Amino acid sequence: MLVMKFGGTSVTKPDSVAAINTLVQRELNRQPILVVSALSGITDLLVKLSHTILDYEQEDLFEQIFMKHDLWIKTIFAANMDLQTSAFKLVHDYLDQLRELLHSHGLVNQLQLHDSVVSFGEKISSALISLFLISNGVNAKQVLATSCIITTKQFGGADFIDAATKKACKKTILPLIEQGVVPVITGFIGANTVGETTILGRGGSDYSAAIIGYAVQSEEIQIWTDVNGVYSADPRVIKDAKLLKQLSYQEAAELAMFGAKVLHPRTIQPAVRADIPVRVLNTFNIDNVGTIIAHAADNSDGTVKSVTWKKAVPLLNIYSADMFLSKGFLQKIFAVLAKNNISVNMLSASEVSVSVTLDTIGKLDDALQELNKFAKTDYIEGFGTVSLVGEQIMNKHSLMQELFNLFQATSTQVQMLSYSASNINISMIVPTDKIGEIVPLLHTKFITMSN
Ligand code: ADP
Ligand code: ASP
Ligand code: MG
């Protein structure tokens, strides 16, 4: 079996939609399982819709959502009125369901409503892509991930539950494969143990693909996107970024965690657990080999393989009057953050304080309130991270010196620095407004000029 995930641009543009058919036909004997994202821009509109209460604003959003699908249907099924009729029916049915959900929202809490609303993007796209494949003679079937990815209860960014997901995936997907069906599964979404719809976090369809690959033990997890693979930096920003042939799981995980949008940060975790290679490929250039992510790293790409950044990274400084080294202080902090579904990317500690960088998925206000019961906290915005990633990063002895020279030359104030224990990543917290200036300099210095 082969899991093939197609992202937003890939399921939207006519050329790449045609490529999905070519690829599926080409790989039929490897038993493809498709995972699809919503059409481009739809999830953003649905997020807005979930926060809107005014009728006329809701109607405007419904109209925008409909028009994007309308254009898709008229373009992809241009030559076939019957297919257009079926596709329109399907979109109308889903939008009716969505309206009903919004009108009955008194029954559910806001977070739960949000996840149910945003799940419609993938529900519609998976139905449209299956219809498109069927019209090309593929025995395809839409599958809602609510029947195969079983998650924890945190709305907004749930995680999958291993045993329950394996069981559900096997029950839902394997019989289809045995019958020669190509499942077209909704990315991004799952259901908690009581059947309520959850999401895996923004950009989460990559993670869905990895979870499904892990659960059915696929031979490979393919992430089909709109660039040739993983580059030494975002190729849309750094024009001379290099395509990386191979990355280790650890490198890919760090790269994703520290800002490379090409992969959802949690994608690697299920893949590495089952030792399944992940390949990042381009739907607009289907014969390229892409980037392979597996155990071994190919160090011919150089010491520093990639520069990544995140523009907005909230920083939390926590001080304690009675010495933070007192027993259990860190444990207490992390318990509060974990309870509120906030994860920490970087940490630095001194005798009396601890500074952490946060992701913003969880319930920050609740976490701060609890922390303030036993410590003093400062929540700081206006900073971001820049990171250098590569397995051999430690071997470059002049690295630190060169880094500090660069920061001095650009008058960049480094707020915090973290040298990961695994030696794969150096990350710096710097003012957000400096990132645009220093990223190209870092890329030129440590990648272009070093190879
Ligand atoms: P999809 O909709 O297919 O999931 P995304 O937009 O989420 O696609 O991710 C692909 C984008 O990631 C690319 O268009 C590229 O601009 C961006 N990106 C950021 N960092 C990198 C990197 N290091 N290598 C490749 N792409 C990157
Ligand atoms: N459609 C979702 C998003 O925009 C998930 C994804 O594309 O991976 O976040
Ligand atoms: Mg993505």
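Residues considered: Ser16, Ser37, Ser50, Ser10. Of these, the only one that is of a type in the set (Gly, Ala, Ser) and away from ligand 3 (no atom under 16 Å from the Cβ) is Ser50.
Considering region 204-221, and only residues there that are more than 16 Å from ligand 2 (Cβ to nearest atom) and either part of a helix (DSSP H, G or I) or among the hydroxyl-bearing types (Ser, Thr, Tyr) (or both), the residue that is nearest to the chain's Cα centre (by Cα) turns out to be Tyr214. On the stretch given as region 396-432, residues that are crowded, with 17+ Cβ neighbours inside 10 Å, part of a strand (DSSP E or B) and among the hydroxyl-bearing types (Ser, Thr, Tyr) total 2.
Set side by side, the residues Gly187, Gly203, Gly213 differ, and just one is touching a residue at least 24 places away in the same chain (Cβ under 8 Å), within 11 Å of ligand 3 (Cβ to nearest atom) and crowded, with 24+ Cβ neighbours inside 10 Å, which is Gly187. Per the listing Thr291, Thr267, the residue uniquely farther than 16 Å from Val389 by Cα, polar (S, T, N, Q) and within 13 Å of ligand 1 (Cβ to nearest atom) is Thr267.
When only residues in region 216-252 that are away from ligand 3 (no atom under 16 Å from the Cβ) and of a type in the set (Gly, Ala, Ser) count, which is nearest to Ala145 (Cα to Cα)? Checking each candidate, the answer is Ser218. Answer with yes or no whether Gly229 is more than 16 Å from ligand 2 (Cβ to nearest atom) and either touching a helix residue (DSSP H, G or I) at 6+ places or on another chain (Cβ under 7 Å) or within 24 Å of Val17 (Cα to Cα) (or both). The answer is yes for Gly229. I'm told Val386 meets every condition in (1) crowded, with 17+ Cβ neighbours inside 10 Å; (2) modelled with pLDDT of 90 or more; (3) closer than 26 Å to Asp159 by Cα except one. Can you identify the failing condition by its number? Of everything listed in (1) crowded, with 17+ Cβ neighbours inside 10 Å; (2) modelled with pLDDT of 90 or more; (3) closer than 26 Å to Asp159 by Cα, Val386 misses just condition (3).
The number of residues in region 253-274 that are over 14 Å from Ala297 (Cα atoms), surrounded by fewer than 24 Cβ atoms within 10 Å (Cβ to Cβ) and more than 15 Å from ligand 3 (Cβ to nearest atom) comes to 4.
If the condition is being surrounded by fewer than 14 Cβ atoms within 10 Å (Cβ to Cβ) and under 27 Å from the mean Cα position of the chain (by Cα), then region 86-110 contributes Gln97, Asn109, Gln110. Counting the residues of region 143-163 that are surrounded by 15 or more Cβ atoms within 10 Å (Cβ to Cβ) and without any contact (Cβ under 8 Å) to a residue 40 or more places away in the chain gives 1. When region 406-429 is limited to residues that are of a type in the set (Val, Ile, Thr) and touching a helix residue (DSSP H, G or I) at 6+ places or on another chain (Cβ under 7 Å), the one that is nearest to Pro314 (Cα to Cα) turns out to be Val414. Residues that are touching a residue at least 60 places away in the same chain (Cβ under 8 Å) and of a type in the set (Val, Ile, Thr) within region 216-239 comprise Val216, Ile221, Ile223, Thr225, Val230, Val237, Ile238, listed in sequence order. Remark: pairs (first residue in region 249-272, closer than 13 Å to Arg202 by Cα; second residue within 14 Å of ligand 3 (Cβ to nearest atom) and of a type in the set (D, E, K, R); Cβ separation under 7 Å; 6+ apart in sequence or on different chains) = Leu263/Asp206; His264/Asp206; Thr267/Asp206. For region 210-232, residues that are hydrophobic (A, V, I, L, M, F, W, C) and more than 10 Å from ligand 1 (Cβ to nearest atom) total 6. In region 1-22, the residues that are more than 25 Å from Glu219 (Cβ to Cβ) and at pLDDT 95 or above form Cβ pairs under 6 Å with partners that are within 12 Å of ligand 3 (Cβ to nearest atom) and of a type in the set (Gly, Ala, Ser), at six or more places apart or across chains, as follows: Gly8/Ser37; Gly8/Ser40; Thr9/Ser40; Thr12/Ser40.
The values are calculated or read from the model by the stated rules, or taken from the named source; none is laboratory data. If you're wondering where the values come from, they're calculated on a predicted model, not measured in any experiment. Ideal geometry is used to build each Cβ from the backbone, glycine not excepted, and the neighbour counts take in all protein chains shown.
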